[in-house]
Each structure stands twice: as structure tokens, then as C-alpha cells.
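Only one structure is covered here, and it is reproduced in the block below.
The values are calculated or read from the model by the stated rules, or taken from the named source; none is laboratory data. Not measured: the values here are computed from a predicted model. Cβ: placed from backbone, ideal geometry, glycine included. Neighbour counts: every protein chain shown. The area values use the complete protein model at the heavy-atom level, side chains included, leaving out ligands, DNA and RNA. Shrake-Rupley method; radii C 1.70, N 1.55, O 1.52, S 1.80 Å.
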Amino acid sequence: MPRFFINYVPEEIAVITGDDARHISRSLRMQPGESVVLCDSIGTDYNGRIERIADDSVEVHILEFCKSVAEPSVQVTVYQGLPKAEKMDSIVQKAVETGAVKIVPVLTSRCVSKPDEKAAAKKAARWQKIALEAAKQSGRGIIPQIGPLTGFREAVKQAAQGGEVILFFEGGGKSIAELVGRETRELAVFIGPEGGFEQAEVDFAVQNGAEIGTLGARILRTETAPIAALAAIMLASGNM
């Protein structure tokens, strides 16, 4: 069923407005009596039936609600070394589909793309829109957030305040099977840009409590690595 995120879901009648309402009436050409799923963005799904469709609003009768089954038991934040060109668009989309709860673009020593503050804010707004559309498509119970562009050292310190931290490094490390289990609940993963991490960055991460992980003997592209890592983490934690 079509899925829409709204800020507040009342007990009986919910009202969808704006772009989503126009999408329902003009693009999907839905009619009263058809079913939709509304989500409150914090993990609860509401099954409803369309009661009335106007030009810029749609009234939905709430029939039942339940906890979203699409949210994994482990909350993974991806700290992604900022790649070149439009690769981040795909990374955000696929990371949302594979279960990340947050994606933070990170400036590392080997990043080629280094946008100024205005350009970074514009990119972040586009990535957030991509995250929203990916969340709808994949049936997520939340809208994963895009963090602001962050320097590497600040990102490591930020990640260390939460749960476990893994930095994936082509120089070798522990396997995901060694680092992640069904009891893992909060995890931050660091993925390097096209040129990978410098040894000094790896050392800094270790000094701040990070584990060094490996994604195998093959060298993965920066846009492939986070998706491979997320898929393996979901499997190791019992979410696949």
C-alpha cells in the first residue's frame, strides 16, 4: 500500500496535505475507500482508509496501528567519507533501504570534494529528500536523518559518545562476525572516501575507542562499501 509520513497521527481522522496530498490525487489517482499506510516517523504504522480527497488535502480514517516491522533491532549510523560527484545520492538511498538510521557526510584528509558551508547545506537538503523517498519506498518506520558535513576528528569523537564504533580499513581488521552480534544495539561505522583513510586517521579512531574492521580481501568502491557493511551487519545482528 502507498506509504506516507506525517508528523502527528490522531486517533480517528488524519489529514494529509501538501505534496503528498497532490501525489495521492493527481499522480496515484487514488479514490475514497482505498487503503494507505501512515507513519508517525518514530516507528509506528497506521493502516487507514481514504475518506475524502480535495485539491490539497486527503482525509484518512485510521483503522488500526502497529509497531513498524521494518525497523532493525540495531541502530546504525553511517559516517561516510564525502565522495566525488553524485555518489552520495546513491549511498544515501541504499543506506536507508538497508537499515541505517542516520548518515553523516565526513570530510577526511583524502576527500576530493570539499564544498563550502552554503554548498554543503544545499547538498544535505537534497540528501534528506532522497532519504525520505527511500524510506517510503522501502517501508521504513522512521525517516533516517542526514547529519551536517563534519570533520573527521569531530565525527570520531561524536560517534564515541554513543555505542560501538567500527572503522573499515583496507589495511585489514576484524570481521563483522567478530564485531557484531544479536546483542548489538547501537553502532557507528566509518567508511572512507575514494582514497581511503590515512594511517593517522585510523590511529586517531583507535585511540578514541574504535575497532578496525574489514570487508574482506577485495577493495570495494566507496559507494559499495557502506551497503556491503550494512547488509553484513543486518545479517550478523539477526535482522536478515
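Before anything else, pin down the relative contact order of the chain: Cα pairs under 8 Å, at least 6 apart, normalised by residue count, whole percent.
20 percent
Provide the per residue accessible area, probe 1.4 Å, for the stretch 1-63, rounded to a whole number of square angstrom.
Result: 55 Å² of accessible area for each residue.
Show Ser41, Ser109 ordered by accessible area, largest first, where the area counts protein heavy atoms only and the probe is 1.4 Å.
Values: Ser41 35, Ser109 65 Å².
Putting Ser41, Ser109 in descending order of accessible area: Ser109, Ser41.
What whole-number value in Å² describes the accessible area per residue of the stretch 94-142 for a 1.4 Å probe?
Numbers: 2390 Å² over 49 residues.
On a per-residue basis, 49 Å².
Looking at the stretch 1-45, which trypsin sites (Lys or Arg not before Pro) are DSSP coil and have at most 15 other C-beta atoms within 10 Å of their C-beta? Provide the component values of the computation, followed by the final result.
Details: sites: Arg3, Arg22, Arg26, Arg29; in loops: Arg29.
Answer in residue order: Arg29.
Which residue fluctuates most in the GNM of the chain (Cα springs below 10 Å): Gly18, Gly192, Gly162?
Looking only at Gly18, Gly192, Gly162, the biggest GNM fluctuation is shown by Gly18.
DSSP H helices in the chain with Cα extent of 15 Å or more along the helix axis and mean Kyte-Doolittle hydropathy at least 0.5? Mind showing how you got there, number by number?
Values: long enough: 87-97 (16 Å, -0.23); 117-138 (31 Å, -0.77); 225-236 (16 Å, 2.31).
Those that clear 15 Å and a mean of 0.5 are 225-236.
In what sequence, largest accessible area first, do Val206, Val165 appear using a 1.4 Å probe? Please list the in-between numbers first.
Numbers: Val206 75, Val165 15 Å².
Largest to smallest exposure gives the sequence Val206, Val165.
Can you tell me which of Ile13, Ile176, Ile227 moves the most in a GNM of the chain? Springs connect C-alpha atoms under 10 Å apart.
The residue with the greatest mean-square fluctuation here is Ile13.
Round to the nearest 0.05 the FRET efficiency obtained for Glu51 and Asp89 when R0 = 41 Å and r is the Cβ-Cβ distance. Please list the in-between numbers first.
Working: r = 37 Å, r/R0 = 0.89.
Step by step, r from the Cβ atoms, then E = 0.65.
Across the stretch 61-121, what fraction of all alpha-carbon pairs, as a whole percent, falls in each successive 10 Å bin from zero upward?
For the stretch 61-121, the binned pair fractions read 18, 40, 23, 13, 6, 1 percent.
Can you tell me the accessible area per residue over the stretch 152-240, all protein chains present, probe 1.4 angstrom, in square angstrom? Numbers along the way, then the final one.
Working: 4400 Å² over 89 residues.
Here the residues of the stretch 152-240 average 49 Å² of exposed surface.
If I compute solvent accessible area with a 1.4 Å probe over the protein chains, what percent of it on the chain is carbon and sulfur? Working shown, then result.
Details: 5920 of 12060 Å².
Of the solvent-accessible surface of the chain, carbon and sulfur hold 49 percent.
What are the semi-axes of the equivalent ellipsoid of the chain, taken as the square roots of 5 times the eigenvalues of the Cα gyration tensor, listed largest first and rounded to whole Å?
Numbers: eigenvalues 276, 77, 37 Å².
Rounded to whole Å, the semi-axes are 37, 20, 14.
Any chance you could look up the accessible area of Leu38 with a 1.4 Å probe, heavy atoms only, rounded to 10 Å²?
Near enough 0 Å² of accessible area.
Assuming R0 = 30 Å, what is the FRET efficiency of Glu133 and Ala217, from their Cβ-Cβ distance, to the nearest 0.05?
Working: r = 35 Å, r/R0 = 1.16.
Efficiency, rounded to the nearest 0.05: 0.30.
Go ahead and set up a Gaussian network model of the chain, Cα springs under 10 Å, then flag whichever of Ala95, Ala70, Ala21 fluctuates most.
Checking each option, the largest mean-square fluctuation is seen for Ala21.
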